Amino acid sequence: MEAADRLVVRTVRHGGPWVFVLAVVAVGGSVLELALPYVIGRTVDTLITGTSPGVFSGSVIGSVTGCALVLAGVVVCDSLHVWASGSSSAAASAWLRHRAMTHVLGAGPALTRRLPEGDLTTRLGMNAEETGHAPEAIVSGASLLVPTVGGLVALVLIDPLSALTLVAGLVLIVLVLRGFMRDTSEVVAAYQGVQGDIAARLVTALSGARTIAAAGTTESEVARVLAPLPLLRSYGVGLWQANAKAGVRTGVVVPLLEVAVLVVGGLRLAGGDLSVGELYAAARYAVLGAGLGSALGYVGRLARARSAAGRVQELWRQPPLTYGRRALPAGSGALEFRGVSGSGLRGVDLVIPGGVAVAVVGRSGSGKSALAALAGRLADPSEGTVFLDGVPVRELSRRALRRVVGHAFERPVLVGDTVGDAIGLGLAGPTEPSDADEPPLLRSQDPDATLVPAARAACADEFVRRLPLGYATPLAQAPMSGGERQRIGLARAFAQGSRLLVLDDATSSLDTLTERRVAAALSGELRGRTRVLTTHRVATAARADAVLWLENGRLRGYDRHEVLWERYPAYRAVFQTGVPGVPGVSDGGRA
């Protein structure tokens with residue numbers, strides 16, 4: 001839990017100025033509560049020893065005024081405490097969410113493949129919020145030490161014997177709190193883990209809602225999603241039992257402690273060693289000292305914050321991609337894989353000349369998507385190096401890499417306010433700063449000059465212009481089919497990838513005519529760019545300049561489609577169909 005505790009401390013520091021306000025009002029309120037018994041005790045003694053009944057002397061009026069001011073100060077501090085608690089928690093949660101989200105997006109597919117989407121959402125949402133309550137739990141809990149220590153010191157000054165009684169009770173309270181912290185931390189960690197599991201199951205079910213409805217398996221799917229509920233309930237009961245157990249113990253210890261101090265003080269009063277006001281003050285200080293037992297709620301909140309921080313901290317086990325500062329020299333997008341292993345690939349060595357179209361084929365799990373991700377540096381290999389125009393991609397600056405590489409995927413996620421924003425995602429704007437060591441991009445600053453030609457090449461311009469506001473249509477008001485979404489994803493890649501296009505099965509949802517039109521654009525106006533196309537279609541492989549044939553993560557063949565088709569029956573088996581006598585042609589162009 002050391003890493004989680006360090007994250008809790010950093011979260012507290014980023015709670016904003018309200019953490020300071022919270023500390024001031026918490027300590028100030030505790031000091032005022034500590035002063036209140038003394039002020040009331042002095043007022044009682046002043047009233048008892050008053051010279052003229054019914055006549056208030058100046059000292060009496062001053063004592064009563066002092067009591068009123070102290071009480072007003074306590075009320076003000078309590079009110080500000082509530083406000084500062086909420087504000088500091090909100091600021092701390094926002095900082096942690098932003099930092100965690102930045103890391104998750106920076107780590108990319110390597111992290112999202114390791115943790116399910118629902119579990120990630122739980123960590124970034126609920127767990128970050130619970131960690132954000134750490135400032136209130138720590139500051140408010142620590143502020144309880146002020147009246148406890150102050151009450152103990154005051155009792156020592158009033159009556160050492162009563163103070164000794166309070167110390168014995170405080171030892172018991174500390175032991176109860178320590179045991180509660182230990183028990184709660186273990187159960188809360190398990191409880192939060194089950195919450196993440198349920199969220200992951202739910203997200204999976206929602207993403208496959210149409211499949212579930214078509215299969216008529218709604219009830220069984222609901223049962224699958226809710227299967228961990230009995231386990232969640234058992235951990236919830238465990239939390240309740242831990243709270244009840246600690247609450248009963250403090251509920252017994254605190255009253256007994258107060259009674260013990262009163263008994264000792266009463267005996268001292270009877271012996272003439274204490275005045276009535278001193279006995280009242282001693283009783284009140286005993287209550288304040290025993291108030292450490294009320295830290296139970298803050299201890300529980302801190303335990304939840306520590307467990308939640310541990311779950312958030314696990315996100316940092318996957319390091320984000322780091323970028324260098326090198327710029328790309330002039331080039332045509334030549335790719336080289338030198339001894340590359342990792343992400344399912346094993347010892348891949350190959351050179352892809354600039355400006356050619358290479359189809360990457362293979363059975364499911366052969367490493368096609370892994371090779372595509374490494375080509376555009378969405379991930380790094382565990383061994384070996386990938387070069388783009390002779391420069392290791394690890395050493396390129398973020399701007400240098402992302403402005404020349406365009407990615408399109410089988411299921412593109414459209415990001416932005418409008419359709420135009422989705423196509424132009426990641427493009428440099430007129431005011432965007434560039435790296436000092438990188439030459440200016442040879443790209444027009446006019447969005448239409450880039451977006452519209454890219455949309456036309458992707459066969460998206462026609463249907464986009466039919467939308468109510470064209471390229472300015474909000475995405476929420478532009479329902480699209482799977483093929484239309486793929487065309488927007490292709491347009492985004494074409495707009496961005498001025499040197500290298502990586503299309504990971506990005507035409508699988510296009511109809512045959514549209515796919516041929518996109519293929520014509522790839523071999524025509526986009527021909528000057530290097531194109532890496534992962535595909536299951538024979539027609540796509542046949543049109544490519546060369547084919548990379550992967551099997552079990554290894555490079556099985558690298559040649560023209562016709563050559564591989566003629567020489568290797570296993571290559572033909574990848575597509576599982578073909579028209580006799582016509583290499584590279586399959587029924588409908590699909591495997």
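The values are calculated or read from the model by the stated rules, or taken from the named source; none is laboratory data. Keep in mind that what you see is a predicted model, and the values were worked out from it rather than measured. So basically every Cβ, Gly included, is an ideal-geometry build from the backbone, and we count neighbours across all protein chains shown. Quick note on the areas: whole protein, heavy atoms, side chains included, nothing else; ligands and nucleic acids left out. Shrake-Rupley method; radii C 1.70, N 1.55, O 1.52, S 1.80 Å.
Here are the numbers for this structure:
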quantity	calculated
Pairs, first open to solvent by 100 Å² or more (accessible area, probe 1.4 Å) in the range 456-484, second among the polar types (S, T, N, Q), C-beta under 7 Å, six or more apart	Pro468/Gln477
Residue list for the range 23-42, restricted to those being modelled with pLDDT of 75 or more and open to solvent by less than 60 Å² (accessible area, probe 1.4 Å)	Ala23, Val25, Ala26, Gly28, Gly29, Ser30, Leu32, Ala35, Leu36, Val39, Ile40
Which numbered condition Ile212 misses (of (1) more than 28 Å from Leu36 (Cβ to Cβ); (2) touching a Gly at 6+ places or on another chain (Cβ under 6 Å); (3) β-branched (Val, Ile, Thr))	(2)
Sole residue being part of a helix (DSSP H, G or I), closer than 14 Å to Leu226 by Cβ and at pLDDT below 90, chosen from Thr184, Thr204, Thr211	Thr204
Selected residue (criterion: most open to solvent (accessible area, probe 1.4 Å)) from residues of the range 76-98 that are touching a helix residue (DSSP H, G or I) at 6+ places or on another chain (Cβ under 9 Å) and more than 18 Å from Phe20 (Cβ to Cβ)	Arg97
Those strands (runs of 3 or more DSSP E) lying entirely in the range 521-576 with at least 2 residues touching a strand residue (DSSP E or B) at 6+ places or on another chain (Cβ under 9 Å) and open to solvent by less than 40 Å² (accessible area, probe 1.4 Å)	530-534, 546-551
The range 238-297 - residue that is hydroxyl-bearing (Ser, Thr, Tyr) and under 30 Å from Asp183 (Cα atoms) and, of those, surrounded by the fewest Cβ atoms within 10 Å (Cβ to Cβ)	Ser294
Residue check, Leu321 under 29 Å from the mean Cα position of the chain (by Cα), among the aliphatic types (A, V, I, L, M), within 24 Å of Ala400 (Cα to Cα) and surrounded by fewer than 21 Cβ atoms within 10 Å (Cβ to Cβ)	yes
Condition check for Leu490: in contact (Cβ under 8 Å) with a residue 24 or more places away in the chain, surrounded by 24 or more Cβ atoms within 10 Å (Cβ to Cβ) and in a helix (DSSP H, G or I)	yes
Residues satisfying the stated conditions in the range 7-16, i.e. more than 17 Å from the chain's Cα centre (by Cα) and open to solvent by 60 Å² or more (accessible area, probe 1.4 Å)	Val9, Arg13
Filtered residue count, the range 317-326, keeping only those that are in a helix (DSSP H, G or I) and modelled with pLDDT of 90 or more	0
Number of positions in the range 465-487 that are part of a helix (DSSP H, G or I) and either under 26 Å from Thr534 (Cα atoms) or more than 34 Å from the chain's Cα centre (by Cα) (or both)	8
